[in-house]
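Written out below as structure tokens is the structure these notes cover.
Nothing in this text is a laboratory measurement; each read-out follows from the coordinates by a stated rule. None of the values given here were measured: they were computed from a predicted structure. All Cβ positions, glycine included, derive from the backbone under ideal geometry; neighbour counts span all protein chains shown.
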Amino acid sequence: MTVDYQRLTFEYRPCAEQSAAGTVHPVVVAGAGPVGLATAIDLAQQGIPVVLLDDDCTLSTGSRAICFAKRTLEIFDRLGCGDRMVDKGVRWNLGKVFLRDQMVYAFDLLPESGHRRPAFINLQQYYVEGFLLERALELPNLEIRWKNKVIGIERPDQDRPDAAATLTVETPDGTYPVRARYVVAADGARSPIRNLLGLDSKGRTFKDRFLIADIRMEAGFPSERWFWFDPPFHPNQSVLLHRQPDNVWRIDFQLGWDADPVLEKTPERVIPRVQALLGPDATFELEWVSVYTFSCLRMDSFRHGNVLFAGDSAHGVSPFGARGANSGVQDADNLAWKLAHVLRGEAPDALLDTYASEREYAADENIRNSTRSTDFITPKSQVSRVFRDAVLTLAAKHPFARTLVNSGRLSVPSVLAGSPLNTADTDAFAGAMMPGAPCADAPVLADGADDWLLSRLDGGFCLLVYASPESVDGPAAKEIATLRAQAGAPRVVFVSPAAGSVASAADPAVLVDVEGVVAQRYDAVPGTAYLIRPDQHVCARWRAVDADRVMKAMARAQGKNLTPRAATTCVASAQAEPVAA
């Protein structure tokens with residue numbers, strides 16, 4: 001049976017706290033969009049009881065966020081709904097850039113094999129929310145309260161970080177208080193909680209308007225991202241075309257700042273624009289239309305005592321590059337494991353400061369790239385326009401110019417190289433898997449069957465050791481035995497080189513690097529070890545296992561050695577610009 005997620009409504013139900021004072025909840029999440037749902041699911045999967053409040057009783061309508069990146073899909077895998085997202089979504093890696101009526105060049109966002117997930121899928125936000133919600137309803141320690149609107153908040157004294165915040169929640173039956181040790185504000189760009197606390201976001205608003213038209217049609221266009229600069233059917237502006245599931249296509253038309261947003265949403269204005277793109281004989285129907293403006297901005301701090309901001313409530317970017325929803329889900333991924341560790345008493349409260357510093361750094365990176373995209377797409381002066389058009393003309397024949405083309409450089413996860421949770425390299429390594437980097441996937445053999453590395457690195461901290469267990473003897477075996485005997489030690493995952501696969505393939509605790517991709521991507525030789533965080537970022541690596549060094553790195557990664565200053569600093573890492581897209 002096909003579910004119409006855009007028309008689902010959810011029943012308001014009174015809760016016990018409306019008639020009697022309740023206990024202090026470990027975590028209350030405000031906002032049941034993709035970020036709030038992802039945070040609540042992640043916490044619940046780790047055994048933390050969660051209450052999720054939403055002021056509405058429906059999912060989103062229209063496409064809204066549609067491009068979900070490989071990194072986000074890997075997070076959805078850990079949340080238990082990645083397969084549903086990918087099975088429904090439209091996979092794509094390829095894109096094309098046009099100047100007027102000529103293709104300038106094509107690009108591939110995932111030019112190498114050996115990854116479980118595609119570079120991107122296109123999937124309407126209501127499907128993403130629907131699949132996340134269905135997963136949330138499977139978890140017994142996750143309570144969702146619809147039509148529960150936060151209208152007040154009182155925070156504890158800052159000198160008492162263990163005290164609860166009190167939310168005043170409005171329902172159809174009146175108001176009631178909800179107390180929480182921590183509050184996650186994932187309540188959107190207009191964040192009521194941010195406003196109630198008198199906080200704001202700072203940044204830049206762009207004076208331009210764009211029309212989104214979701215149309216339903218049968219078309220033979222490939223599943224690619226097509227972007228036009230100054231096309232003949234929409235001169236002096238830009239147009240973006242994406243395919244979505246269910247024969248729905250999204251078209252973004254740049255309109256200019258002087259466009260009337262009410263007039264431009266009328267069918268009389270939208271249909272001729274779409275017809276000009278598709279041709280006079282094209283048959284289609286409008287499904288959803290919106291006109292938007294945008295800003296690039298963020299809060300100064302994503303943490304205010306025991307209230308933590310995530311997603312659009314904390315930061316906003318232009319839609320070019322698919323950085324909004326993807327960065328919000330990555331906020332959730334970063335925050336949930338840290339909250340779980342603090343609430344279980346495995347880490348100090350200061351660990352949550354690193355959520356703020358790491359994701360503030362990521363937000364700055366996203367805002368910087370998003371702003372550059374917007375400035376390239378919508379030049380603000382004649383000189384900028386001449387430069388842009390010259391770059392596009394050169395890019396048709398000269399690869400160097402393609403690195404300057406910016407039609408929305410697409411979302412990539414941040415490398416948190418300056419995180420205080422990292423242990424600096426003491427051994428020589430090459431490659432991208434430095435401390436702070438998100439782990440790259442690779443094909444492996446597990447339990448005698450084909451599998452993927454990331455699917456086996458779930459469930460807390462783990463130490464990835466590149467060796468077959470039977471080859472580990474002498475000092476290395478002693479260090480691993482010492483490590484395993486210590487309380488709080490990471491789970492050890494062996495990855496055996498392909499040459500050791502005969503002995504290791506039958507051992508369910510061992511992965512086999514059947515194609516040598518793990519060795520390549522992790523610069524791994526026998527004995528190499530990586531300490532990996534619960535959110536699958538590398539936090540340390542060595543050429544040999546040393547139990548003492550591993551446990552010290554573990555303590556550091558759990559924030560046990562943090563000073564307040566260190567916890568709130570994430571030094572910018574030196575990264576190359578993403579490939580032009």
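Couple of notes before you dig in:
- Of the GluC sites (Glu not before Pro) found in the range 174-273, the ones in coil according to DSSP and having at most 13 other Cβ atoms within 10 Å of their Cβ are GLU218.
- Expected 222 nm ellipticity per residue - DSSP helices of 4 or more, -39500 (n - 2.57), all of the chain, to 500: -8000 deg cm²/dmol
- Over the chain, relative contact order from alpha-carbon pairs under 8 Å, at least 6 apart, %: 14 percent
- Estimated FRET transfer efficiency (THR23, LEU404; beta-carbon r; R0 41 Å; 0.05): 0.10
- By the count of neighbouring beta-carbon atoms within 10 Å, fewest first, MET434, MET103 end up ordered MET103, MET434.
- Mean Cβ count within 10 Å, highest first, over the residues of peptides 394-403, 208-217, 278-287: 208-217, 394-403, 278-287
- DSSP-defined beta bridges in the chain - what % are antiparallel, rounded to 5: 70 percent
- About the centre of its Cα atoms, the range 101-152 shows a dipole size close to 360 debye [charges on the beta carbon of Lys, Arg (+1) and Asp, Glu (-1) only; nearest 20 debye].
- In this simple spin-label approximation, THR283 and ALA16 carry label points 7 Å from Cα along the Cα→Cβ vector, and these lie 5.8 nm apart.
- FRET efficiency estimate (nearest 0.05) - Cβ-Cβ, ARG368 to ASP200, R0 22 angstrom: 0.60
- DSSP beta bridges fully contained in the range 443-557 are about 60 percent antiparallel.
- From the coordinates shown, semi-axes √(5λ) of the Cα gyration tensor in Å corresponds to which of (i) 51, 37, 24; (ii) 39, 32, 22; (iii) 39, 26, 24: (ii)
- For the range 193-216, the residues whose amide N sits under 15 Å from a probe point set 7 Å from the Cα of SER295 along the beta carbon direction are 193-196, 198-208.
- For the range 337-482, with +1 on Lys and Arg beta carbons and -1 on Asp and Glu, the positive-most of ALA340, ALA356, ALA476 along the dipole: ALA356
- Taking the empirical scaling 2.2 N^0.38 Å for compact globular proteins as reference, the range 443-557 has a Cα radius of gyration ratio of 0.98.
- Contour excess over end-to-end distance, with Cα ends at ARG216 and LYS552 and 0.36 nm allotted per residue: 115.3 nm
- Ranked list, fewest to most other Cβ atoms within 10 Å of each Cβ, for TRP146, TRP228, TRP257: TRP257, TRP146, TRP228
- Zone of LYS207's modelled label, taken as backbone nitrogen in the range 378-411 under 19 Å from a point 7 Å along Cα→Cβ: 378-386
- Burial order of peptide ranges 474-486, 349-361 (average beta-carbon count within 10 Å, highest first): 349-361, 474-486
- Considering only beta bridges that DSSP places wholly inside the range 9-146, some 60 percent are antiparallel.
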